[in-house]
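Report on the following structure.
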Amino acid sequence: MPDFAVPDALFDPLPDVARNDRPLRHTPLAWVGMEGIAVPVRLDDPAFPAALIGHADAAVDLPDPGVKGIHMSRLHRLVTTACQAGPLTPAALHALLADMVASHHDCGSTAARVIVRTRLLRARPALVTPGLSGWQDYPLTLIAERRDGVTTLSLRTEVVYSSTCPCSAALVRQVVREAFVQHFDGAPLTLAAAADWLSAHATLATPHSQRSVADVTVTLRGDGTRTAPLAIGHWLDRMESALGTPVQTAVKRADEQAFARLNGSHLMYVEDAARAVEAACRADPDVISAQVSVRHLESLHPHDAVATADYRAAA
């Protein structure tokens with residue numbers, strides 16, 4: 001067979017539709033990017049020294065209506081490289097967002113956003129029993145956004161707790177009181193007799209309580225110049241302390257009794273819970289805004305009770 005030369009035209013560069021084609025409709029877009037990129041997550045918090053499994057969303061704006069599409073591969077590479085390089089400190093996130101904007105200068109992009117989701121695992125000791133503990137997990141979302149050259153950083157997490165209804169507790173006390181009075185009406189009352197009656201009848205009625213969830217997002221003061229750690233473990237402790245009744249992991253009877261005592265001393269409506277968490281956010285000078293949402297998964301009703309609160313520090 002005769003030799004023949006392959007035309008150079010067959011080796012033209014691969015087509016770049018995003019760069020060379022024009023959009024069918026000329027509309028600016030608020031965000032364009034990817035969701036659910038698998039990444040390792042390292043936090044600048046000594047409470048969580050190990051790498052975690054996470055997923056990242058990455059996007060830039062597309063304000064130029066004449067640009068057909070962004071460079072997805074550039075965002076993917078920047079995000080995965082940043083997550084592999086070290087802890088996601090405020091400075092690291094600030095630099096990542098700046099690189100994302102710079103990588104899309106040809107698209108006219110001026111804003112970037114990264115959202116990283118993971119789950120934290122913490123050992124929680126039993127309330128009373130020495131040496132007894134279990135693991136509790138908490139969802140965590142880091143939200144970093146750059147707009148007009150300014151970076152904002154927010155944390156979102158959830159705390160699960162128990163809530164006992166104050167109204168239900170008051171109604172129960174009335175039932176027990178009436179039964180106590182009826183039993184001892186005209187009968188001799190001694191301390192021992194009263195104690196025996198309470199041991200047998202103090203639970204003639206019980207107040208309703210339920211598993212509840214506080215969902216909190218806080219925006220932190222400072223941008224890429226922030227040097228303080230994110231202190232996520234501190235935030236979990238602060239919210240659980242504000243609520244007073246975080247759910248327990250491993251328990252024995254003494255721990256269960258201690259938890260019942262906590263519930264009895266922290267009676268709360270959903271409004272009380274929302275206000276308690278909002279106050280904890282307000283008390284932290286590092287927080288410039290907070291969005292609090294609490295949900296009581298009612299044991300009395302087939303529906304939930306909910307409340308929200310927003311806080312923004314004075315400028």
For His301, placing the label point 7 angstrom along Cα-to-beta-carbon and taking segment 229-266, residues whose amide nitrogen sits under 11 Å are none
Residue-ordered couplings for segment 233-240, obtained by feeding phi - 60° into the Karplus form 6.51 cos²θ - 1.76 cosθ + 1.60 and rounding to whole Hz (Gly and Pro as x), are x, 4, 5, 4, 5, 5, 5, 5
Among (i) 83, 44, 36; (ii) 65, 43, 32; (iii) 120, 45, 43, the entry matching Cα extents along the principal axes in Å as calculated here is (iii)
Counting only residues 5 or more apart in sequence or on a different chain, those whose built amide H sits under 5 Å from that of Val39 are Gly54, His55, Ala56
In whole Hz, the Karplus estimates of ³J(HN,Hα) for segment 118-133 (6.51, -1.76, 1.60; θ = phi - 60°; x where Gly or Pro) are 8, 10, 9, 10, 10, 7, 10, x, 5, 5, 10, 5, x, x, 9, 8
Going residue by residue through segment 86-94, the Karplus relation 6.51 cos²θ - 1.76 cosθ + 1.60 with θ = phi - 60° gives ³J(HN,Hα) values, rounded to whole Hz and with x marking Gly or Pro, of x, x, 7, 6, x, 5, 5, 5, 4
In this structure, the FRET efficiency calculated for Leu171 and Ser133 from their beta-carbon separation, with R0 = 25 Å, to the nearest 0.05, is 0.10
Percent relative contact order for segment 109-241, counting Cα pairs under 8 Å at least six residues apart, stands at 26 percent
Note, Leu62: beta-carbon cut-off 12 Å, +1 each Lys/Arg, -1 each Asp/Glu, net -2
Given backbone amide H placed at 1.01 Å from N, residues whose amide H is under 5 Å from that of Ala307, ignoring those fewer than 5 places away on the same chain, are Val294
With R₀ set to 35 angstrom, the calculated FRET efficiency between the beta-carbons of Trp197 and Tyr269, to the nearest 0.05, is 0.70
Between Arg312 and Ala205, the FRET efficiency computed from the C-beta separation at R0 = 51 Å comes out, to the nearest 0.05, as 0.75
Any trypsin sites (Lys or Arg not before Pro) in segment 246-309 that lie in a DSSP loop and have at most 14 other Cβ atoms within 10 Å would be Lys252
Output ordering of 306-315, 115-124, 166-175, 210-219 (per-residue mean of other Cβ within 10 Å, highest first) is 210-219, 115-124, 166-175, 306-315
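Only the coordinates and a few stated rules stand behind these numbers; no lab work does. All figures in this text were calculated on a predicted structure; none of them were measured in a lab. Here Cβ is always computed from backbone atoms with ideal geometry, including for glycine, and neighbour counts include all displayed protein chains.
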